[in-house]
Amino acid sequence: MREPAWRVFAGEYNDAMHHIEGEEQMSPSYVVTPLGAMVNRLYLVGVLTDVENVAQDGEMWRAHISDPTGIYAVYAGEYQPEAASFLSEADTPSYVAVAGKARAYEPEDGVLFVSVRPEMVREVDEAMRDYWIIEAARQTRQRIEAMAEALGMNPPSEYKLRELGYPPALARGVVAATEAYDDIDVEHYRFLLREALSHFSSGRIDYEEDMDDAEEAVFAAVQEMEGDDGALWDDIVDHAAKQGLDRHLVEEALTSLMDKGAVYEPILGKLKTT
Amino acid sequence: MTEDIDAAVDEVINALDEEASKEEVEENLKKFIEYGVPVDQAKQAVLKKFGASPAAPSATEKKLGDVTPGDKRLRFTGKIVTVEQREVEVKGETRSIYKGIIGDETAVLPFTAWKDFGLAKDDVIAVDNAYAGEWGGQPRLNISEWTNVQKTDEDIDLVKRQPQRYDVADLRPGLSNVSVQGKIMSMEEREVTVDDEEKTLYSGILGDRTGKIRYTVWADMGLSEGDVVDVSGAYVKSWQGTPQLVFDENATVEQLDESMPVDQVGSRTMPMYKVVETGGGVDVPVEGVVIEIQRGSGLIMRCPECNRALRDGVCVIDGEVDGTPDLRIKAVVDDGTGAVTAIMNRSVTEKLMDTTMEAFQEMAEEKGGEAVEQAIMDRLIAHPVHVRGNALSDEYGVTVIVDTVEPIEPNIQQQGAELLAELEGDT
């Protein structure tokens, strides 16, 4: 059976400390997140922020893809020729969609690095990214609810979770997670979820017109000041403040411009237009 | 695969005289299997290692109603309600197993026979040394090569337990004694010969608000198209890759004085995991994101003899032939809980892409065949779609033969704000 492509925010995926290694050639491996996503395959959409060939010799492209909660590491080498060639030529920043396999690397006990090995990478538009955030948020919320239910059971039962209407793979993953993790902080993920969705908050809509003006002014400021190395964050805020823009609004505008991929951070604290 | 190991572990524990820990047996078994020892030999080796004489005779007699998951060395007598052969892959080898339903006066349970005992519907068999696993919360009987199966001349009055009510969308092969309400969407009559006897078989589509299913009736129950009925005591089997509802003389059908508008039947979008779990269905609506366009999408050539897609101008059956051109898309649609392969034929593809096959042929001539594939990817990859069609399953998964496909244009801002508002209510 084909493994489903889980929608898991980077903030949850990167928290994974447990993986199940396929015992045999045909049995699948899984990364199990603290909320019980049992990920063999995942689908994500985010902002491609940088790509680097990390191989000693030959090709192994490492890409970082950012979502509202964190950053995925995506590795494509000679066995993923299409993904590797896409990444090697991709513009940063840009919106990309990735379907791929969950990978885990455990250099020592208690340390687990998770990444994604792409099966498909494709440039997409902002609407597709926003749609993904909604999907990922819905499914994260379902995991949060399932986990909250499971933590109230003694012992957590796959069968009872299924009776409550949770899909079988989720019921299985949630029970596996309760066994693998000592303290599962459901509240932490509720917070993370709200963060991810703040992008859509109605407050933002009220302020949208102001925002458009602010973005325009801030973008112009960055363009004016960037030079070769980029403009300092603080300088941009000062500059825009002198033009009568609220500091808070300027910072929001900068974040938004970065989200949209109009502005990026080549080194920490410095910004350039794309 | 893990299911096979679990089954093997259970079998070994079942056959052992001494209590052995599951972990110990599993660890030993896996070690043998890792070394490439076939599962059957590995089981024997582990049994030997634990010092068992494989045939432990002291089974406990039980009525099926008393069987609980985990029971070992079971002895019972039961009547086969239904049985069907399935091919499964074990260690790269195809093997036949036999799945069905068996019952006695107290209960009806699903079973799996791991070898061919020549079982047929209505056989009454005495079973010695079986064991019970769990499936969907109820016991599933396992009949292994260490089980002794004898046919008897007894007859058994099957239990008349309270039938369990299901929505059509939840009907999956292996369920028995189900009760379901729905509308007879279509009906055909057919003469068939069963055991030299002429019988009339009625079949068609039955649907409720959650979905549609193919049914067969082995008797004239006075049904006609458009009836809304309550069927009790039916069972579900797998037929040509999709679930099929069967009612025979043990079932009752009641006409309901209810109307069910046709456009309300099967209109609810099904989560993918449910489609995968039930193994297909009739006219199933699903939604998901296209995460892959499979090879063999775009312009293809078909064999004029057998209609198979050609590879490099060659048909696997008819050799080198002059192909006839066709257009299709094979897309993997995934909603995060499961995935199906959606197959779109020429007319569905032309409509979706708003481009005729001839226009694609021109495009291919100018820019090469990859241009067509690229155009399809640009249109579909990462896009959410609503797909409707018949779904069928095989060992690789579920395929939907697409009747209609529509891109979904969600109101993202609104959905996001609503979700956020709901979250505020969560805590």
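The values are calculated or read from the model by the stated rules, or taken from the named source; none is laboratory data. Keep in mind the model is a prediction, meaning the values are calculated, not measured. Note that we place each Cβ from the backbone using ideal geometry, even for glycine, and neighbour counts take in every protein chain shown. With ligands, DNA and RNA removed, areas are computed over all heavy atoms of the protein, side chains included. Shrake-Rupley method; radii C 1.70, N 1.55, O 1.52, S 1.80 Å.
Quick notes
- Number of the condition not met by B:Thr193 [criteria: (1) in a strand (DSSP E or B); (2) surrounded by fewer than 21 Cβ atoms within 10 Å (Cβ to Cβ); (3) touching a strand residue (DSSP E or B) at 6+ places or on another chain (Cβ under 6 Å)]: (3)
- If the condition is being outside any loop (DSSP other than H, G, I, E, B), open to solvent by 40 Å² or more (accessible area, probe 1.4 Å) and within 12 Å of chain B (Cβ to nearest Cβ), then the range A:13-40 contributes only A:Ile20.
- Scope the range B:397-425; condition free of Cβ contacts under 8 Å to residues at least 12 places away in the same chain and either touching a helix residue (DSSP H, G or I) at 6+ places or on another chain (Cβ under 7 Å) or aromatic (Phe, Trp, Tyr) (or both); matching residues: B:Ile412, B:Gln413, B:Gln415, B:Gly416, B:Ala417, B:Leu419, B:Leu420, B:Leu423
Residues are listed down the side, and each one gets a yes or a no for (1) without any contact (Cβ under 8 Å) to a residue 12 or more places away in the chain; (2) in contact with a Gly (Cβ under 9 Å, 6 or more places away or on another chain); (3) open to solvent by less than 60 Å² (accessible area, probe 1.4 Å); (4) in a loop (DSSP other than H, G, I, E, B):
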position: A:Gly11; (1), (2), (3), (4): no, yes, yes, no
position: A:Leu42; (1), (2), (3), (4): no, yes, yes, no
position: A:Gly46; (1), (2), (3), (4): no, no, yes, no
position: A:Gln56; (1), (2), (3), (4): yes, no, no, yes
position: A:Ile71; (1), (2), (3), (4): no, yes, no, no
position: A:Ala84; (1), (2), (3), (4): no, yes, yes, no
position: A:Tyr95; (1), (2), (3), (4): no, yes, yes, no
position: A:Tyr105; (1), (2), (3), (4): yes, no, no, no
position: A:Val116; (1), (2), (3), (4): no, yes, yes, no
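- Strands (runs of 3 or more DSSP E) fully within the range B:309-409 counting 2 or more residues that are open to solvent by 40 Å² or more (accessible area, probe 1.4 Å) and on the phi < 0 side of the Ramachandran plot: B:324-334, B:384-394, B:397-407
- In the range B:106-130, the qualifying residues are those that are of a type outside the set (A, V, I, L, M, F, W, C) and part of a loop (DSSP other than H, G, I, E, B), and the one that is nearest to B:Glu61 (Cα to Cα) is B:Thr106.
- Restricting the range A:41-72 to residues that are within 14 Å of the chain's Cα centre (by Cα) and closer than 13 Å to A:Ala99 by Cα, the residue that is farthest from the other protein chains (Cβ to nearest Cβ): A:Tyr72
- Considering the range A:146-174, and only residues there that are assigned to a helix (DSSP H, G or I) and more than 14 Å from chain B (Cβ to nearest Cβ), the residue that is most open to solvent (accessible area, probe 1.4 Å) turns out to be A:Leu151.
- Pairs meeting the criteria (first residue in the range A:220-234 and at positive phi, second residue buried (at least 20 other Cβ atoms within 10 Å of the Cβ) and not in a helix (DSSP H, G or I), beta carbons under 8 Å, at least 6 apart or on different chains) are A:Gly230/A:Leu271.
- A search for C-beta distances below 9 Å between a residue of the range B:116-131 that is on the phi > 0 side of the Ramachandran plot and touching a residue at least 40 places away in the same chain (Cβ under 8 Å) and any residue that is part of a loop (DSSP other than H, G, I, E, B) and surrounded by 14 or more Cβ atoms within 10 Å (Cβ to Cβ), counting only pairs 6+ apart in sequence or on different chains, returns B:Asn129/B:Ala56; B:Asn129/B:Ala59; B:Asn129/B:Lys72; B:Asn129/B:Arg73; B:Asn129/B:Ser144; B:Asn129/B:Trp146; B:Asn129/B:Thr147.
- For the range B:123-143, the count of residues that are within 21 Å of the chain's Cα centre (by Cα), at pLDDT below 85 and acidic (Asp, Glu) is at least one.
Let's see how each residue does on (1) part of a strand (DSSP E or B); (2) open to solvent by 50 Å² or more (accessible area, probe 1.4 Å); (3) at pLDDT 90 or above:
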| site | (1), (2), (3) |
| --- | --- |
| B:Val246 | yes, no, yes |
| B:Asn250 | no, yes, no |
| B:Val253 | yes, no, no |
| B:Asp257 | no, yes, no |
| B:Met260 | no, no, no |
| B:Asp263 | no, yes, no |
| B:Arg268 | no, yes, no |
| B:Gly281 | yes, no, no |
| B:Val284 | yes, no, yes |
